[in-house]
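Reading through the structure tokens given below for one structure.
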Amino acid sequence: MKLLDSLRFRIATLFHRSQMNAEIEDELRSHIQHRADDLERAGLPRAEAERRARIEFGGQVRYKEESRDAAGGVFVESLFQDLRFGLRMLRKSPGFTAVAVLTLAMAIGANAVVFGVLNALILHPLNVPDAESLYAIQRGNEASSYQSYADYLDLRDRNHTFDGLAAVNGAQAGLDTGENSSRVWLYEVSGNYFDVLGIQPSLGRVFHASDERGDNSAPYIVLSYGYWHTRFQDDPGVVGRTVQLNKHPFTIVGVAPPEFHGTLVFFSPDFFVPIVNQEQVDGENVLNTRAKRWVFMTMGHVKPGVTPAQAVADLNSIGSWLQKTYPKEDEQRTFALARPSLYGDYLGRPVRAFMTALMLLAGLILLAACANLGSLFAARAADRSREVALRLALGAGRIRVLRQLLTEAMLLSVVGGAVGLSGSIVLLRSLSVWQPFSRFPIHIPANPDANVYAVALLLALASGLLFGAVPVRQVLRTDPYEIVKSGSLGKVGRRITARDVLIGAQIAICAVLVTSSMVAARGLMRSLHSNFGFEPRNVILVDTDLHMAGYSGDQVTEMQRRMIDALESIPDITSLGLINTAPLVSGGYKGSLVFTDETADLRASNARADSFTFSISPGYFHAAVTALLSGRTITWHDDKDAPRVAVINQEFAHKVFGSVSNAIGKYFKRQDGTRIQVVGIVEDGKYNNLTEAQQPAMFLPMLQSASSQTFLVVRSDRDPGQLIAAIRSTVRGLDAGLPLYIEPWNKQMYNVLFPSHVAAMALGVLGIMGAMLSITGIFGMAAYSVSKRLKELGIRMALGAQRKEVLMAALGRAFKLLAFGSAVGLLLGILASRVLAVVVYQATPRDPLVLAGVVLAMGLLGLLATWIPAQRALSVDPMTLLREQ
């Protein structure tokens with residue numbers, strides 16, 4: 001009851017403020033009058049008695065505040081007073097206010113953008129019910145989640161810890177809706193996929209496990225909402241319509257909800273089909289091939305009350321059973337759990353590492369901004385020293401003065417945070433609709449949500465508290481009477497101050513960011529001019545899959561030969577070849593276990609190498625400018641009736657035969673027992689990504705290792721636009737229904753270089769922000785130092801000091817801090833930049849050009865920041881200045 005009565009009293013005081021103030025005024029006046037009466041009776045005149053009484057009573061303002069505080073409710077009123085006064089002070093200093101708001105907007109905006117992407121990719125990546133209990137199953141020590149479909153069935157049916165397990169695989173197909181044929185991206189999923197995830201259709205129905213009755217038994221399509229919107233213009237009549245998928249009839253049964261984009265971040269399919277129809281979609285049936293691990297993800301919800309460790313133990317018991325039951329099919333089976341959104345740990349680990357590093361660097365930007373504003377706030381407090389001293393002398397409490405300064409800081413942080421959040425929202429929404437790859441359905445679902453808004457607000461408040469707290473010690477130690485006499489709170493001497501530490505830390509942070517951005521940019525430049533084992537410039541890639549147009553068996557190689565012959569008739573083509581998967585575009589199929597010719601037991605544990613495998617035509621190495629080191633290349637005589645041959649790379653020769661010199665003419669075996677003779681050796685190259693170590697690779701004749709996947713490698717110095725038009729016309733003349741993707745090879749490599757581009761761009765932006773903050777910080781310190789030492793500088797010049805001596809006296813401390821902070825930051829940047837080597841090919845912080853670039857950049861930043869203060873210091877007129885003093 002006492003608490004409620006006190007609360008009611010405090011609320012009532014808010015609405016009767018004028019009455020309470022009048023009563024306090026009357027009370028104070030009464031006390032002064034009583035004391036004046038006593039003094040008058042003691043013999044003083046009335047006027048003198050009242051004056052003495054007011055002096056003895058002291059600061060009335062302080063007593064009024066204490067009285068109002070005792071009465072309750074003073075906090076709200078004083079808060080509004082602080083806000084009004086703070087706004088007036090900020091309006092009186094528009095330059096300071098603009099710099100502070102812009103600084104905070106950049107720092108908080110950068111953090112909000114990075115957190116928004118982190119939130120979308122890692123923290124809350126999947127928009128499915130109970131996403132926190134959804135796990136993907138991956139092999140114990142592997143980053144990928146690939147399983148064979150047969151193993152998936154056993155894991156699904158034998159486990160006791162999951163509510164259900166679903167399988168998913170990505171694929172391409174040719175879709176013909178009756179108007180034209182186009183290449184589409186899709187998910188091949190198990191029949192229980194939507195039921196396991198708890199996804200309800202937006203239109204029509206989804207398929208279920210009951211729809212699967214064997215191979216090719218469920219020719220159904222569930223469209224993604226986005227594809228239904230763009231391709232079918234939201235037509236509800238699409239449900240029940242039959243379309244041709246790789247020349248096979250499929251029925252559209254429903255449309256997925258708009259918020260569901262599949263279970264892999266980055267990759268949004270056009271539609272979903274049952275995985276049992278794999279033969280019609282992929283052109284092969286490996287559903288029952290246990291040794292073929294092609295299902296790229298198996299996932300499910302862990303049952304309530306089951307821990308991930310218990311689920312792993314359950315899966316490992318199934319793995320032990322599989323190993324005993326099928327000892328020749330695969331290596332030892334152990335399992336682990338990972339979040340499914342980023343392909344398990346295959347992309348998850350590097351993406352998490354890069355995003356964590358980016359978040360730390362964005363945090364450094366915010367710390368640099370706070371250090372910058374802290375030093376500016378300390379200088380501002382020093383410049384307002386007479387105001388602070390007068391307020392303290394008139395009876396204002398030190399806490400009230402500090403609260404006023406903190407209120408100004410919080411106003412700046414809230415405004416800066418609002419501006420930064422607005423910019424980050426625009427940028428995040430732009431990222432959400434950005435499609436970095438024209439041929440892949442890749443997007444970043446980075447739309448801002450409540451988490452981003454909350455983080456931006458917390459960062460704004462925390463920033464205000466951080467830089468607003470810098471002048472606390474300054475104010476607490478203020479002697480108002482000394483300030484009134486001397487006129488300044490700030491002292492410029494040789495002692496290291498908190499402002500020096502803040503500026504030094506800010507410069508070091510800037511050097512870290514500049515070093516990281518230069519390392520990323522240098523790595524990207526090296527990536528673009530590296531030796532890939534082929535030359536992508538002046539090459540057009542013609543990408544198609546003959547299976548999508550209904551070709552199978554011998555029809556595939558016959559059509560491929562016709563395409564080569566037709567394209568050779570186009571003028572100005574200097575060389576032409578074919579490969580089933582282009583290096584650094586679609587990658588190679590690593591997974592071909594290779595054994596020595598003497599090995600009889602062809603189990604995986606006895607394999608000598610795990611090799612990339614390519615199927616090529618004669619002329620490929622010439623068109624790709626891949627150097628043949630010894631032996632011969634592939635010819636048209638290497639057909640299916642000829643002995644099996646292969647061209648291998650140097651790494652293959654080292655791993656399988658021990659050296660390059662004795663590999664020609666030797667034989668090796670594949671896991672199916674096929675003996676292949678080595679007829680040539682080519683240089684090593686990059687096949688799947690730029691950061692991979694040297695990998696073994698073998699190139700087989702296309703007539704002996706047919707593949708419907710086709711990349712025609714066309715080298716020419718002709719204008720690419722004209723050449724592409726001629727190629728398209730020629731191939732369409734052979735088969736108008738063949739889906740084509742034609743683009744220069746170096747452009748198709750963009751997906752491989754994408755991490756390097758993103759790292760260079762993101763770190764470049766952060767480096768620019770750090771440089772801007774460093775410039776303002778050094779400028780603020782130098783300008784403040786010069787302004788406080790003008791009289792001293794005038795005396796030095798009057799006594800005959802040289803311009804160099806005056807300059808060092810005015811800016812010596814700024815130069816020392818710049819040198820020290822840059823050195824510390826460069827060392828930290830070298831250590832931090834090692835993380836970039838995971839993402840950026842050939843990124844090294846020990847590059848002499850990087851080190852020289854950082855030193856030059858920091859020197860230029862210091863020169864730019866101190867130019868105006870230096871000019872002011874050198875333009876001092878000692879006579880004028882001394883007369884003014």
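Summary table below
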{"read-out": "Chain lengthening between D37 and N447 when straightened (0.36 nm per residue, less Cα-Cα)", "value": "140.2 nm"}
{"read-out": "Residues whose placed amide H lies under 5 Å from that of F162, excluding near-sequence neighbours", "value": "K303"}
{"read-out": "Approximate spin-label separation A353-R562, in nm, with each point projected 7 Å along Cα-to-Cβ", "value": "4.9 nm"}
{"read-out": "Placed amide H near E743: partners under 5 Å, 5+ positions off or other chain", "value": "L541, D543"}
{"read-out": "Linear extension gain, K324 paired with W434, 0.36 nm per residue minus alpha-carbon span", "value": "34.7 nm"}
{"read-out": "Accessible surface of segment 618-692, 1.4 Å probe, proportion on carbon and sulfur as whole %", "value": "50 percent"}
{"read-out": "Point-to-point label distance, L864-R84, nm (Cα→Cβ direction, 7 Å offset)", "value": "4.3 nm"}
{"read-out": "Three-way shape label, segment 664-733, alpha-carbon gyration tensor, a/c 1.5", "value": "prolate"}
{"read-out": "Ordering of 598-605, 458-465, 204-211 by burial proxy (mean other Cβ atoms within 10 Å per residue, highest first)", "value": "458-465, 204-211, 598-605"}
{"read-out": "Among 217-225, 279-287, the order from most to least packed when residues are scored by Cβ within 10 Å on average", "value": "217-225, 279-287"}
{"read-out": "Peptides ranked, highest mean first, by Cβ atoms within 10 Å: ranges 700-706, 657-663", "value": "700-706, 657-663"}
{"read-out": "Table column - 3J(HN,Hα) (Hz), segment 295-300, Karplus curve with 6.51, -1.76, 1.60, x for Gly and Pro", "value": "6, 7, 7, 10, 9, x"}
{"read-out": "Length added when fully stretched, S133-Q233, from 0.36 nm per residue minus Cα-Cα", "value": "32.5 nm"}
{"read-out": "Cβ-placed point charges (K, R +1; D, E -1), dipole of segment 564-723 about Cα centre in debye, nearest 20", "value": "440 debye"}
{"read-out": "Spin-label model distance (nm) - N689 vs T674, 7 Å beyond Cα toward Cβ", "value": "2.9 nm"}
{"read-out": "Cα-centred dipole magnitude for segment 225-295, charges only on beta-carbon of K, R (+1) and D, E (-1), debye, nearest 20", "value": "280 debye"}
{"read-out": "Amide hydrogen neighbours beyond the local backbone of S592, cut-off 5 Å, H modeled", "value": "S611"}
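The values are calculated or read from the model by the stated rules, or taken from the named source; none is laboratory data. Keep in mind that what you see is a predicted model, and the values were worked out from it rather than measured. Note: ideal-geometry Cβ built from the backbone for every residue, glycine included; neighbour counts use all protein chains shown. Ligands, DNA and RNA are excluded from the accessible area calculation, which covers all protein heavy atoms including side chains. Shrake-Rupley method; radii C 1.70, N 1.55, O 1.52, S 1.80 Å.
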